[in-house]
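Scroll down for the structure; my scribbles are underneath it.
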Amino acid sequence: MLTITDLVKVYPTGQSALAGVSITVDKPQVVAIIGPSGAGKSTLIRCVNRLVEPTSGTIVLDGVEVTAMSRREVRKVRRRMGMIFQEYNLVERLTVMENVLSGCLGYVSFWRAYRRNYPAADVAAAFELLDRVGLTGYQDTRADALSGGQRQRVGIARALMQRPDLLLVDEPTASLDPKTARQIMRIIVELAHERGTPALVNLHDVHLAQSFADRIIGLREGKIVFDGSADGLNHQVLTDIYGEEDWSTTVVRPKGVAPGDRPKEDIEREAAAG
Amino acid sequence: MSAPATWRPPSLVPNPLYRYGLMALAGGYVLWSVGSLEVDWNRVAQGFPRAGGILGRMFPPDFSRWELLLRGVTESVEMALAASFVGMIVAVPLGLCAAVNLAPMPVYLLARSVIVFTRTFHEVIVAIVFVKVFGFGPLAGVLTLIVASVSFIAKMVAEDIENMQPGQVEAIRATGASFPKVLIYAITPQILPRYLGVSIYRLDANVRHSTVVGIVGAGGIGQTLSASFSRYDYDFSLAILLTIVALVFAGEFFSNWVRGRLR
Amino acid sequence: MTVGEHARRYPDVWRRFTPRQTLVRYVWYACIVFVAAWSLRNLDIPWFYFLDAHVQVADLVSRMFPPEWAFAGQVLDPLVETIHIATLGTAVTFVIAFPLAFLAARNTTPNALTWFIGRFILVTSRSVNTVVWALLFVAIFGPGPVAGIWAVAMRSIGFMGKLIAEAIEEIDTGPVEAIEATGASRLQVLLIGVLPQVLPIVYGTTVYRWDINIRESTVLGFVGAGGIGIMLYSSINQFAWHEVSVMLAAILGVVVVSEFVSATVRRRIT
């Protein structure tokens, strides 16, 4: 599905963000990318839809090389990749509905977009998504009147409106409180599983990654230092990723519960403890 | 050790040499500038009694030539309206070109220099050049106001675009939208309220400026005012001045009202 | 879920605005266009002038170039005078506008009458353009820079007074309350509680207005109130475009430099 090979990004300032990253995602799974600030998580995700131009390396999505595309082709391939942002990045002065429908901007003509005249099927799909993310009845509210959690729900709906083949999720919960963060992660993971869409999710919260991801990739200074399941996160691995620290409280986790659908009480107890 | 018995607040310029130097410089400048002005002090001294005389002749204001007055005011308002409308439209492409985060470097530099160049020259200078090219009358006035409006609104639009939140634009780009779609969907909603506000403000400013471009013959009430001064019709001048003040008031009130409603 | 079920569960039409709202908006657009078009039509603009406008402009530019640089020496004195008019005018403004602002701010004015007087002076000052003030002062003091200085000052009083008064009205009331609580006199409260809060804005506004006044002073000469405008006006009237271009270049330089100075100073004090 998605193959990233030897991806390198050096910013014009000389700052090196990615130093040869290779990732293969060959089945619909939620991949959490964890690592300290500045490890290159955001750069990696933005290289995939080329909001950031990689310096070298290749990215192949469903057999097509994204890195070799012209600007026009990039716009087309971006329609197949839904993106969710840390700061939600809603167009604040537009209504919730306009924001969700902006997910199909790549498919409608300029004139239709200007008149906000979207195909009936898209409008119905948007209503369904609003329902699905728990924002029924909010279609005419302006985005700047929403709370953080509500905004992120709109952001999720917008990304899924694209009917994406891949979800790119950049720190979706970093601006939210712990409870909302879990709700948002659960919606993302459930929707990704439901629709069979692989997702790359940047997270800086190790707990969230352990609870919700099928696979975890640890990034440090632009290099992959860990790639495996949540069970593989032990003291040594976390030290490799983040550096020396007492990781004992982080490593301990209940056995025998599949990631993403543990009992609610459990999660809340953990949130309170962590 | 005893505590010091005096305390003075730290000065704005800590170094005393600098401080007194600056003071001396300021004093010296005033002496130099006042001394270098070529002033006929006798004539200035006569000014105060003359001011009394002029004021005396201004009262009561003479509104008997109200038709002339009304024609001038109407022309001023029409000039302001037409110029604001044209300026508002022309300013959009120029403003887009002058935003460093949208336009390619050469286009940006060109657009910025056009804005700096047109902003530098006072409306009256622009007006007199247009009068020399197009002759006396409101055409020169309208063109002057258009130039001023375009450069003012374009500068504001460019600054707004430069200050907008890049995240919203990034998100829309990430959906695969082309530049025109990003423009209507992510940029327009962010700058539209300010753009309308600035345009309305410019209408109000144009009303004010339309009263002076007439002094060099570019039409409007200013022309009438200038003529009345040169004919020493001070009572008519006062009537015109009062009308201008009323007009400016009305313009400002209207502008505030609309901007208040725009949110 | 089939398509039919889907359609029943979720509406497939969504409109940002109701038809009525849309109609109202278009009526507004139509009104604006109509007013603008009507204004343009009423001005009786001789459109055929535009047919050869590019020829006229090209002609003008060719007359302006090359600028007669030998003329630059004569430009220097009036240019310096222009700057003097702006600076002295701003200084006069500062002296008058500063106390006036305290009169025109609701929280520092002694009573309703003084507030009204303060506001009235500020509004009158702002409603009349510098050039119009200059007309008046030339009639009073005769032609020359004194009329210019007063014209600049009269117009600037309203501008600076208004901004400073607004700053005074928006100060943090906490410190003022604290100073009042110490038993300080009214004047002491102004001095210790209010003044430090508004001083940066006072300085900033002064420098900003000085920069605007430089621009204004370049045209005062058109009505005889001194500065480079006198020379510019006579050169334009004599169609001496190659001299005009020298003066325009000089004005461009001075205005750009003053704008830079003003922006730098304001950035450093606020």
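The values are calculated or read from the model by the stated rules, or taken from the named source; none is laboratory data. Fair warning: this is a prediction, and the values are worked out from it, not measured in the lab. All Cβ positions, even for glycine, are placed from backbone atoms using ideal geometry, and neighbour counts span all protein chains on display.
Restricting to segment C:164-175, count the residues that are part of a helix (DSSP H, G or I) and surrounded by fewer than 19 Cβ atoms within 10 Å (Cβ to Cβ).
Quick first cut of segment C:164-175, residues part of a helix (DSSP H, G or I) only: C:164-169, C:173-175.
Within this subset, residues satisfying the condition of being surrounded by fewer than 19 Cβ atoms within 10 Å (Cβ to Cβ) are C:166, C:169, C:173-175.
Residues meeting the conditions: 5.
Just a yes or no: is a residue in segment C:202-214 charged (D, E, K, R), assigned to a helix (DSSP H, G or I) and either at positive phi or without any contact (Cβ under 8 Å) to a residue 24 or more places away in the chain (or both)? I'd like the intermediate steps shown before the answer.
To start, the set of residues in segment C:202-214 that are charged (D, E, K, R) comprises C:209, C:211.
Now drop any that are not assigned to a helix (DSSP H, G or I), which leaves C:209, C:211.
Restricting the remaining residues to those that are either at positive phi or without any contact (Cβ under 8 Å) to a residue 24 or more places away in the chain (or both) gives none.
For segment C:202-214, residues charged (D, E, K, R), assigned to a helix (DSSP H, G or I) and either at positive phi or without any contact (Cβ under 8 Å) to a residue 24 or more places away in the chain (or both): absent.
As an exercise: evaluate A:R163 against (1) assigned to a helix (DSSP H, G or I); (2) at positive phi and give the number of the one condition it does not meet.
Failed condition: (1).
Looking at (1) within 14 Å of chain A (Cβ to nearest Cβ); (2) more than 30 Å from A:L160 (Cβ to Cβ), which is the one condition that is false for B:A99?
(1)
Tell me whether segment A:87-97 contains one or more residues that are part of a helix (DSSP H, G or I) and either buried (at least 23 other Cβ atoms within 10 Å of the Cβ) or of a type outside the set (F, W, Y) (or both). Working first, answer last.
Narrowing segment A:87-97 to residues part of a helix (DSSP H, G or I): A:96-97.
Now narrow it down to the ones that are either buried (at least 23 other Cβ atoms within 10 Å of the Cβ) or of a type outside the set (F, W, Y) (or both): A:96-97.
Taking every residue of segment A:87-97 in turn, at least one turns out to be part of a helix (DSSP H, G or I) and either buried (at least 23 other Cβ atoms within 10 Å of the Cβ) or of a type outside the set (F, W, Y) (or both).
When segment A:132-146 is examined, which residues are found to be β-branched (V, I, T) and closer than 15 Å to A:L90 by Cβ? Working first, answer last.
First, the residues of segment A:132-146 that are β-branched (V, I, T): A:133, A:136, A:141.
Passing the criteria: A:V133, A:T141.
For segment C:80-103, which residues satisfy the criterion of being surrounded by fewer than 20 Cβ atoms within 10 Å (Cβ to Cβ) and among the small types (G, A, S)?
C:A91
C:G193 versus (1) crowded, with 20+ Cβ neighbours inside 10 Å; (2) at pLDDT 80 or above; (3) of a type outside the set (D, E): which is the lone unmet condition?
Only one criterion is unmet by C:G193, namely (2).
Of everything in segment A:193-222, what is surrounded by fewer than 20 Cβ atoms within 10 Å (Cβ to Cβ) and under 14 Å from A:T173 (Cα atoms)? Give them in sequence order.
Result: A:H204, A:D205, A:H207.
When the residues of segment B:211-226 are filtered to those that are among the β-branched types (V, I, T) and under 11 Å from B:V73 (Cα atoms), which remaining residue is nearest to the other protein chains (Cβ to nearest Cβ)?
Step one: list which residues in segment B:211-226 are among the β-branched types (V, I, T), which gives B:211-213, B:215-216, B:221, B:224.
Next, from what is left, pick out any that are under 11 Å from B:V73 (Cα atoms): B:211, B:221, B:224.
Details: B:T211: 6, B:I221: 10, B:T224: 12 Å.
Restricting to residues being among the β-branched types (V, I, T) and under 11 Å from B:V73 (Cα atoms), the top hit is B:T211.
Select from segment B:13-48 the residues that are assigned to a helix (DSSP H, G or I), farther than 26 Å from C:D77 by Cβ and of a type outside the set (A, V, I, L, M, F, W, C) and list them in ascending order.
Within segment B:13-48, B:P16, B:Y18, B:R19, B:Y20, B:G21 qualify.
Here is a list: B:I125, B:I115. Which entry is surrounded by 23 or more Cβ atoms within 10 Å (Cβ to Cβ), under 30 Å from C:N237 (Cβ atoms) and either within 14 Å of chain C (Cβ to nearest Cβ) or within 19 Å of the chain's Cα centre (by Cα) (or both)? Spell out the reasoning first.
Numbers: B:I115 fails: surrounded by 23 or more Cβ atoms within 10 Å (Cβ to Cβ).
Unique residue meeting the criteria: B:I125.
For segment A:97-104, indicate whether the set of residues that are more than 23 Å from the chain's Cα centre (by Cα) and farther than 26 Å from A:L219 by Cβ is non-empty. I'd like the intermediate steps shown before the answer.
So the first thing to find is which residues in segment A:97-104 are more than 23 Å from the chain's Cα centre (by Cα), and the list is none.
For segment A:97-104, residues more than 23 Å from the chain's Cα centre (by Cα) and farther than 26 Å from A:L219 by Cβ: absent.
Would you say C:L135 is over 18 Å from the mean Cα position of the chain (by Cα), closer than 22 Å to C:G227 by Cα and either within 8 Å of chain B (Cβ to nearest Cβ) or not in a helix (DSSP H, G or I) (or both)? Working first, answer last.
Working: over 18 Å from the mean Cα position of the chain (by Cα): yes; closer than 22 Å to C:G227 by Cα: yes; either within 8 Å of chain B (Cβ to nearest Cβ) or not in a helix (DSSP H, G or I) (or both): yes.
For C:L135, the condition - over 18 Å from the mean Cα position of the chain (by Cα), closer than 22 Å to C:G227 by Cα and either within 8 Å of chain B (Cβ to nearest Cβ) or not in a helix (DSSP H, G or I) (or both) - is met.
If a residue counts only when it is aliphatic (A, V, I, L, M) and in contact with a Leu (Cβ under 9 Å, 6 or more places away or on another chain), which helices (runs of 4 or more DSSP H) contained entirely in segment B:165-263 have at least 3 such residues?
B:166-174, B:188-210, B:234-262
When segment B:101-117 is examined, which residues are found to be at pLDDT below 90 and of a type in the set (S, T, N, Q)?
Across segment B:101-117, the qualifying residue is only B:N101.
Name the pairs whose Cβ atoms lie under 7 Å apart, with the first residue in segment A:111-123 and at the interface with another protein chain (Cβ under 7 Å from one of its Cβ atoms), the second of a type in the set (A, V, I, L, M), and 6 or more positions between them or separate chains?
A:A113/A:L105; A:A113/B:I184; A:Y114/B:I184; A:A120/C:V13; A:V123/C:V13
Give the residues of segment B:131-145 that are part of a helix (DSSP H, G or I) and either in contact with a Gly (Cβ under 6 Å, 6 or more places away or on another chain) or surrounded by 23 or more Cβ atoms within 10 Å (Cβ to Cβ) (or both), sorted by residue number. Working first, answer last.
Here is the first cut: in segment B:131-145, the residues part of a helix (DSSP H, G or I) are B:131-134, B:138-145.
Passing the criteria: B:V131, B:P138, B:L139, B:A140, B:G141, B:V142, B:L143, B:T144, B:L145.
Of all residues in segment A:126-156, which are touching a strand residue (DSSP E or B) at 6+ places or on another chain (Cβ under 8 Å) and surrounded by fewer than 22 Cβ atoms within 10 Å (Cβ to Cβ)?
Within segment A:126-156, A:Q139, A:D140, A:T141, A:R142 qualify.
Just the residues that are part of a loop (DSSP other than H, G, I, E, B) and modelled with pLDDT of 85 or more, please, taken from segment C:107-127.
Step one: list which residues in segment C:107-127 are part of a loop (DSSP other than H, G, I, E, B), which gives C:107-111.
C:N111 - this is the single residue of segment C:107-127 that is part of a loop (DSSP other than H, G, I, E, B) and modelled with pLDDT of 85 or more.
Starting from segment A:82-94, take each residue that is more than 7 Å from every other protein chain (Cβ to nearest Cβ) and free of Cβ contacts under 8 Å to residues at least 40 places away in the same chain and list its partners that are hydroxyl-bearing (S, T, Y) and surrounded by fewer than 24 Cβ atoms within 10 Å (Cβ to Cβ), counting only C-beta distances under 8 angstrom and pairs at least six apart or across chains.
Short answer, once both residue conditions are applied: none.
Scan segment B:132-146 and report the pairs whose first residue is more than 18 Å from C:V61 (Cα to Cα) and at the interface with chain C (Cβ under 7 Å from one of its Cβ atoms) and whose second residue is modelled with pLDDT under 85 and surrounded by fewer than 24 Cβ atoms within 10 Å (Cβ to Cβ), with Cβ atoms within less than 6 Å and a gap of 6+ or a chain change.
Final answer for the pair search is B:P138/C:L43; B:L139/C:I45.
One residue is enough: does segment B:52-60 have a residue meeting the conditions more than 9 Å from every other protein chain (Cβ to nearest Cβ), at pLDDT below 85 and outside any helix (DSSP H, G or I)?
yes
Among the residues of segment A:61-77, is there at least one that is loosely packed, with under 14 Cβ neighbours inside 10 Å, touching a residue at least 40 places away in the same chain (Cβ under 8 Å) and not in a loop (DSSP other than H, G, I, E, B)?
Scanning segment A:61-77 turns up no residue that is loosely packed, with under 14 Cβ neighbours inside 10 Å, touching a residue at least 40 places away in the same chain (Cβ under 8 Å) and not in a loop (DSSP other than H, G, I, E, B).
When the residues of segment C:104-132 are narrowed to those that are buried (at least 19 other Cβ atoms within 10 Å of the Cβ), within 9 Å of another protein chain (Cβ to nearest Cβ) and of a type outside the set (G, A, S), which ends up farthest from the chain's Cα centre (by Cα)?
Selected residue: C:V132.
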